[in-house]
Amino acid sequence: MSTTLANPARMIRLGAPHLIRSDKELAAYTKALFELTAKSAPTAYEDEAIALLTLLINQYESQHHVVPDADPAEVLRFLLDQNGLTQRDIANELGSETTVSLILSGRRQLTRDHIQRLSRRFHVPPSVFFSEI
């Protein structure tokens with residue numbers, strides 16, 4: 001066994017990421033994930049942290065915040081409606097009003113950068129923009 005895993009309980013006691021047990025912890029983990037994903041050139045360790053935090057967040061949300069699968073454009077439309085926003089209001093996040101229109105019509109897909117920006121704007125995890133359909 002590697003020395004890193006020789007005492008996992010001690011690692012967690014010292015602050016290593018662990019299973020999320022509350023919405024308050026979820027918010028903290030989500031904030032940390034957004035900060036990491038906002039970096040333009042994450043290190044290998046940061047990429048590993050992104051993967052781990054994503055796994056922990058997804059695991060918690062799948063048990064506590066079940067969200068039905070939806071097309072990313074439907075999710076975006078819903079978020080716009082819930083926040084009283086127009087296509088023009090999110091043009092900066094997606095590049096232009098034309099891009100917003102193309103995405104909402106299904107003629108263009110969201111990019112990783114779009115998803116990061118929209119996640120920050122609407123305070124939702126990036127996973128809401130991924131469809132299993």
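Just so you know, all these numbers are worked out from the coordinates, no wet-lab data involved. Bear in mind that the values here come from a model prediction, so they are computed numbers and not experimental data. Note that each Cβ is placed from the backbone with ideal geometry, even for glycine, and that neighbours are counted across all protein chains shown.
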Alpha-carbon Rg with Dmax, taken over segment 93-133, Å: 10.1, 27
Size of charge dipole - the chain - debye, nearest 20, with Cβ of Lys, Arg +1 and Asp, Glu -1, no other charges: 320 debye
Peptides 105-117, 36-48, 89-101 ordered by average Cβ neighbours within 10 Å, highest first: 89-101, 105-117, 36-48
Helical mean residue ellipticity (222 nm; -39500 (n - 2.57) per DSSP H run of 4+; nearest 500) of the chain: -17000 deg cm²/dmol
Whole-angstrom gap from segment 26-54 to segment 101-133, using each part's C-alpha centre: 18 Å
